[in-house]
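The values are calculated or read from the model by the stated rules, or taken from the named source; none is laboratory data. These numbers were taken from a predicted model, which means no experiment stands behind them. Backbone-built Cβ (ideal geometry, glycine too); neighbour counts: all protein chains shown. Accessible surface areas use protein heavy atoms only, side chains included; no ligands, DNA or RNA. Shrake-Rupley method; radii C 1.70, N 1.55, O 1.52, S 1.80 Å.
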Amino acid sequence: MDERVMAVKISFKLNGEDVCINIDDHITLLDMLRDNFELYGAKEGCGYGECGSCTVLVDDVAVNSCLMLAPAVNGRSVVTIEGLSGPRGELDPLQKSFVEKGAVQCGFCTPGMVMSAKALLMAKPRPTEEEIRKGMAGNLCRCTGYTKIVEAVKDASEKEVL
Amino acid sequence: MRRLTYHEPESLKDAFALLEGHGETAKLLAGGTDLIIEIKQETKTPDHLISLRCIPELQDIDYSNGELCIGAMVTHRMIEQSKLIREKFSLLADAVDNLGSVQVRNVATIGGNICNGAPSADTAAPVVALGAKLVLDGPAGERQVNVEEFFQGPGKTALAAGEILRAIRIPTLPQGAGSCYIKHSRRKAMDLPLLGIAVIIVPDDNMVCQEARIALSLAGPIPFRAKKAEAFVTGKPLSREIWEQAAQVAVSESNPRTSFRTTADYRKKMICALIPRAAETALRRVNKAWMKG
């Protein structure tokens, strides 16, 4: 096909800020976030929607950004791990729980884990352990054995403010 | 990933025009959780992707006049969270409960699941058991196809070039029906089924089977109704023994294959084990509904 395909202009909300960019149609949301916006929190683990390390929120629900094309977020809202912390860099209570409970080892899966947990808690502030495990089933961690991660999410759900 | 052009039409009419204009170089994009992977792997190489995300008439679950109508772009997550579907069409809720991850269910659609024609599609056996009709729309007009006739082989469906699946129409189950879908897989999450078993039972007051529907996926190249097994249980008291015998009949109707996932023999053994189990759950759900009433 014609290699001179023009990039399309899209605008969307990224971590609460209105942004606008020219992007090629075949670029995934994940690659755009990393290469064009220099947001390196979301990671490519498998690239096939199996591992969840690329998880971000689109319109407040968790998606695999490696399986979504960038132009598909035109007009929508995207939140990455970088968007969770406050204006002075203070951590989200959920992130604090991950730190306090020792739910991070190598850290590669952590941004995706936190974003899946965030989506879960936004939809269901007091999940049961089973609901946590089911809600996070699409996020693989090869270090922790998940126990500390589930504890961290439970801990965050018991805090007053989310 | 290969270069391509992404289109996001806002009406079916515009989608048809794009499909016609780009012919075989175009592919319809639903949730993309299968298609984007295939494009990355270059097993599919479309130059144009026509996303159905912004077409309003494909997005809703509607229940009226004794019929459930699910738009093709309804996500698995919407089905999972629909109280109506969980109560009245339990087996469909079962099918999406353990399909992929939350991230996948948030974007993957029932229409995509059906149109891929994958033997491992989790919604396939339930929609076959439910006797669903698919509304296919094209520039020449609309036609309706029984879902059983839609599946023609692994990856092959009755969807013609230029057509778009608009909705899945499902008639209400008879009063007092109970249903269940069992996905048999190696892991509890993030796995494809080795076998899919859908059972619908309608007992009478004396627990005699008035109607039974049994649909199997991965028990042959396409999902199918085990009609002989259904006939076997109809009119009989709904006991464990009867279901064990019915399962044997269903095995005789099945033709599973040995694949890298598992063997044909194992699949047959699991048909025997899981049909009675699915029937038991379906029956329990009937009782629950009666107690509520």
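Sort B:135-141, B:100-106 by the packing proxy (mean of other Cβ within 10 Å over each peptide's residues), most packed first.
Per-residue mean Cβ counts within 10 Å order the peptides as B:100-106, B:135-141.
Work out the mean other chain Cβ neighbour count within 10 Å for the residues of B:94-104 and drop it here as an integer.
6
How big is the dipole moment of chain B about its Cα centre under a simple scheme where the beta carbon of each Lys and Arg is +1, that of each Asp and Glu is -1, and everything else is neutral? Debye, nearest 20, please.
For chain B, the charge dipole is close to 1040 debye.
Just in the stretch A:1-100: which chymotrypsin sites (Phe, Trp or Tyr not before Pro) are loop by DSSP and have at most 14 other Cβ atoms within 10 Å?
A:Tyr40
Could you tell me whether the protein assembly as shown comes out rounded, prolate or oblate from its Cα gyration tensor? Rule is a ≥ b ≥ c as square roots of the eigenvalues, rounded for a/c under 1.5, then prolate if a/b exceeds b/c, otherwise oblate. Could the numbers behind the result be given before it?
Details: a/c = 1.98, a/b = 1.35, b/c = 1.47.
Cα axes put the protein assembly as shown in the oblate bin.
Roll a 1.4 angstrom probe over the protein heavy atoms and tell me the percent of accessible area of the protein assembly as shown that is carbon or sulfur.
49
Straight-line reach only, C-alpha to C-alpha below 20 angstrom: list the aspartates and glutamates that A:Lys124 could link to, leaving out same-chain residues fewer than 8 apart.
A:Asp59, A:Asp60, A:Asp92, A:Glu151, A:Asp155, A:Glu158, A:Glu160, B:Glu80, B:Asp97
Rounded to the nearest 0.05, what FRET efficiency do B:Glu149 and B:Arg240 have when you use their Cβ-Cβ distance and R0 = 56 Å?
On the way: r = 34 Å, r/R0 = 0.60.
Efficiency for this residue pair is about 0.95.
Determine, for each peptide in B:204-217, B:36-49, the mean count of other beta carbons within 10 angstrom over its residues, then list the peptides with the highest first. The partial results should precede the final answer.
Values: B:204-217: 19.5, B:36-49: 16.4.
Going from most to least packed, we get B:204-217, B:36-49.
With only Lys, Arg, Asp and Glu charged, each at its Cβ (+1 for the first two, -1 for the last two), find how big the charge dipole of the stretch B:178-292 is about the Cα centre; round to the nearest 20 debye.
Values: 20 positive and 10 negative charges, 111 e Å.
Magnitude of the dipole: close to 540 debye.
Whole number in Å², please: accessible area per residue of the stretch A:93-158, 1.4 Å probe, ligands, DNA and RNA not counted.
Computed with neighbouring chains in place, this is 46 Å² per residue.
Report relative contact order for the stretch B:5-51 in percent, whole number only (criteria: Cα-Cα under 8 Å, sequence separation at least 6).
57
First check a/c for the stretch B:49-184, with a ≥ b ≥ c the square roots of the eigenvalues of its C-alpha gyration tensor; if it is under 1.5, answer rounded, and if not, answer prolate when a/b is larger than b/c or oblate otherwise. Working shown, then result.
Details: a/c = 1.38, a/b = 1.27, b/c = 1.08.
Taking the square roots of the gyration eigenvalues as a ≥ b ≥ c, the stretch B:49-184 is rounded.
What order, most packed first, do the peptides B:243-255, B:110-122 have when packing is the mean number of other Cβ atoms within 10 Å of each residue? Walk me through the numbers before you get to the answer.
On the way: B:243-255: 19.5, B:110-122: 23.4.
The most tightly packed comes first, giving B:110-122, B:243-255.
Output the residues of the stretch B:1-18 meeting this criterion: accessible area (heavy atoms, 1.4 Å probe) in the chain alone minus accessible area with all protein chains in place is 30 Å² or greater.
At a threshold of 30 Å² (probe 1.4 Å), the residues of the stretch B:1-18 that become less exposed are B:Met1, B:Arg3, B:Leu4, B:Thr5, B:Tyr6.
Does chain A classify as rounded, prolate or oblate by the C-alpha gyration tensor (a ≥ b ≥ c root eigenvalues; a/c under 1.5 gives rounded; else a/b over b/c gives prolate, otherwise oblate)?
prolate
Identify all lysines with a Cα-Cα distance to B:Lys44 below 19 Å; exclude those on the same chain that are fewer than 8 residues away in sequence.
Within the straight-line cut-off, B:Lys44 pairs with B:Lys27, B:Lys156.
How much length, in nm to one decimal, is gained on full extension between B:Ser64 and B:Ala17, taken as 0.36 nm per residue of separation minus their Cα-Cα distance?
Using 0.36 nm per residue and subtracting the Cα-Cα distance, I get 13.8 nm.
In the stretch A:57-71, which residues give up 20 Å² or more of accessible area once the other protein chains are added, compared with their chain alone (1.4 Å probe)?
A:Val61, A:Ala62, A:Val63, A:Asn64, A:Leu67, A:Leu69, A:Pro71
Other chains' Cβ within 10 Å of A:14-26 residues: what's the mean?
2
Rolling a 1.4 angstrom probe over the protein heavy atoms, how many square angstrom per residue are accessible across the stretch B:186-289?
For the stretch B:186-289, the solvent-accessible area averages 47 Å² per residue.
Taking every residue in B:219-232, how many Cβ atoms of other protein chains lie within 10 Å of its Cβ, on average?
Shielding by partners across B:219-232 averages 0.
List the accessible area buried at the contact between B and A, summed over both sides and calculated with a 1.4 Å probe, in Å² to the nearest 100. Before the final figure, lay out the partial values.
Numbers: alone 13910 and 8940 Å², together 20310 Å².
Its buried surface, counting both partners, is about 2600 Å².
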